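Let me give you the structure first, and then I'll get to my questions.
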Amino acid sequence: RRVLLSQLFQPLNLQAGVEARWEGRPGEPSCRSQRLMLQAGLIHPAGPGCYSYLPPTVRAMEKLVRVMDEEMQAVGGQKLNMPSLSSAELWGTSGRWEQMGPELFRLEDRHGKGYCLGPTHEEVVTELVAAQSNLSYKQLPLRLYQVTRKFRDEPKPRFGLLRSREFYMKDMYTFDTSEEAARQTYDLVCNAYCSLLDRLGLSFVKVRAATGSIGGTMSHEFQLPADIGEDRLVLCPDGHFAANVETLNGEQTSCPTCGEKLTQTRGIEVGHTFYLGTKYSSVFKAIFYSPENKPQLAEMGCYGLGVTRILAASIEVLSTEDSIRWPRLIAPYQLCFIPPKRGSKEEGEEGTALLEQLYDDLTEAQPHLTGDSVLDDRTQLTIGKRLKDANKLGYPYVIVAGKRVCEDPPVFEVWDQNAGEVLFLTKEGVIELLSKVQV
């Protein structure tokens, strides 16, 4: 069954300037990713800092989560799911009920018991592991992770999905037998984050960071350099040193390793890692039994990756002012097919039938592209208009039945959007080219 563009629930507002009427408060700063996602019908504002994610966005998120699952499972991650609703008592035990301040969404149930909507899950996961009363050293390391909605009462939500009140995050919590083992886990997960961002084709820097309300003794952020980034970073040009300026004492202008002058840039934080030690395990009594059968506190780490933040940040850094560019791996749809205009010479000479046949032959030859191809059936519009829309929506490949579809054998135009080139290929050439597409 072909996927028809006219039947997708993706209300397009591709003409420029339409984003203004959505953003409520005049003068609120917006950014490229927010504007493009609103125009493309990828998100719809539901309230300050809260959005409905439309079907193409959910497809991109699910693809991104699959890549995260691969990377987390490669380092021994086990996926679970913890409740968003977390008891005030639990947060009181760790001392964070007071420490978090107004950022925490707090509520009471009908019995007057206090809860919060979890912005992070250190308390819940440590209590869960502590409840396993006979945990053996043989069962460690434990590397538990989830992908869930998180909540943060942002005072000024802005920049669309980059700074919202409700968002999706992948968070992993690790339990090790010793500080040495926990630091090895830390390096392993940091390398997995580097691998994930490399696979997405995103330029990033790993910088020293403050531990903030999460705590611990070591912390790093994974930042995508971008002008609208809210974090200020200092970098050694030779790569010896990188830090968020909030970690520096005073003005540090030269690299502590090589003495080179540090450069300044801004970044969008997409990942954050923390070595926690026994900060939470000591409070919740998360213990395991050593080879000598002695109880010992587990050494912990926690690791966050923003799912919706990576989506928006990748659009922010890869796109042009008026056209979305996705990391190929997570584009909602890989291919867009554009048949001839209704009533045109190309339609009269079987151009539409030839393109539809190519669609079917391609999905038969490359089953992994089934469901990843869209047919733009708005044939009342010119090819040029639909091509312009396809360019704005950022399909990695657009296949057009243009003037040369009437040749023998028929030749199709293939627009490789990420490379910015147009190829003219026969049906066999198209199938060969797209056999290399990863989904």
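The values are calculated or read from the model by the stated rules, or taken from the named source; none is laboratory data. A quick note: this is a predicted structure, and the numbers were derived from the prediction, not measured. When we count neighbours, we look across all protein chains shown, and the Cβ atoms used for this are built from the backbone with ideal geometry, even at glycine. Only protein heavy atoms, including side chains, enter the accessible area calculation; ligands, DNA and RNA are left aside. Shrake-Rupley method; radii C 1.70, N 1.55, O 1.52, S 1.80 Å.
Can you pull out every residue in the range 403-439 that is in contact (Cβ under 8 Å) with a residue 60 or more places away in the chain, open to solvent by less than 20 Å² (accessible area, probe 1.4 Å) and over 23 Å from the mean Cα position of the chain (by Cα)?
405, 430, 434 - these are the residues of the range 403-439 that are in contact (Cβ under 8 Å) with a residue 60 or more places away in the chain, open to solvent by less than 20 Å² (accessible area, probe 1.4 Å) and over 23 Å from the mean Cα position of the chain (by Cα).
Which of the residues spanning the range 373-399 are outside any helix (DSSP H, G or I) and open to solvent by 10 Å² or more (accessible area, probe 1.4 Å)?
Result: 377, 378, 379, 380, 381, 382, 395, 397.
Got a sec? Which of 127, 108, 89, 103 is over 19 Å from the mean Cα position of the chain (by Cα), over 23 Å from residue 173 (Cβ atoms) and open to solvent by 20 Å² or more (accessible area, probe 1.4 Å)?
Residue meeting the stated conditions: 108.
Using the structure shown, decide if residue 170 is open to solvent by 30 Å² or more (accessible area, probe 1.4 Å) and assigned by the TED database to the domain that holds residue 297.
no
Here's another thing I want to ask about it. Identify, please: which residue in the range 42-69 is of a type in the set (Ser, Thr, Tyr) and surrounded by 18 or more Cβ atoms within 10 Å (Cβ to Cβ) and is, among those, farthest from residue 191 (Cα to Cα)?
51
Another one. Answer yes if at least one residue in the range 29-38 is open to solvent by less than 20 Å² (accessible area, probe 1.4 Å), more than 19 Å from the chain's Cα centre (by Cα) and among the hydroxyl-bearing types (Ser, Thr, Tyr), and no otherwise.
Within the range 29-38, none of the residues are open to solvent by less than 20 Å² (accessible area, probe 1.4 Å), more than 19 Å from the chain's Cα centre (by Cα) and among the hydroxyl-bearing types (Ser, Thr, Tyr).
Say whether the condition of being open to solvent by 20 Å² or more (accessible area, probe 1.4 Å), in a loop (DSSP other than H, G, I, E, B) and touching a Ser or Thr at 6+ places or on another chain (Cβ under 7 Å) is met by at least one residue in the range 70-84.
Yes - at least one qualifying residue is present in the range 70-84.
Would you tally the residues in the range 195-250 being open to solvent by 50 Å² or more (accessible area, probe 1.4 Å) and free of Cβ contacts under 8 Å to residues at least 24 places away in the same chain?
Number satisfying all stated conditions: 7.
Still on this structure: Inspect the range 177-193 for any residue being surrounded by 15 or more Cβ atoms within 10 Å (Cβ to Cβ), more than 30 Å from residue 158 (Cβ to Cβ) and among the β-branched types (Val, Ile, Thr) and give the result as yes or no.
Yes, that holds for at least one residue.
Something else: Can residue 393 be described as within 27 Å of residue 323 (Cα to Cα) and within 26 Å of the chain's Cα centre (by Cα)?
Taking the combined requirement at face value, the residue satisfies it.
Sort out which residues of the range 186-201 are among the aliphatic types (A, V, I, L, M) and either outside the structural domain of residue 273 (by the TED database) or in contact with a Phe, Trp or Tyr (Cβ under 7 Å, 6 or more places away or on another chain) (or both), and write them in order of number.
189, 197
Within the set of pairs 6 or more residues apart or between chains, which connect a residue that is in the same structural domain as residue 173 (by the TED database) inside the range 263-288 to a residue that is part of a strand (DSSP E or B) and of a type in the set (Val, Ile, Thr) with Cβ atoms less than 8 Å apart?
If the second residue must be part of a strand (DSSP E or B) and of a type in the set (Val, Ile, Thr), the pairs left are 263/234; 264/234; 267/205; 267/207; 281/287.
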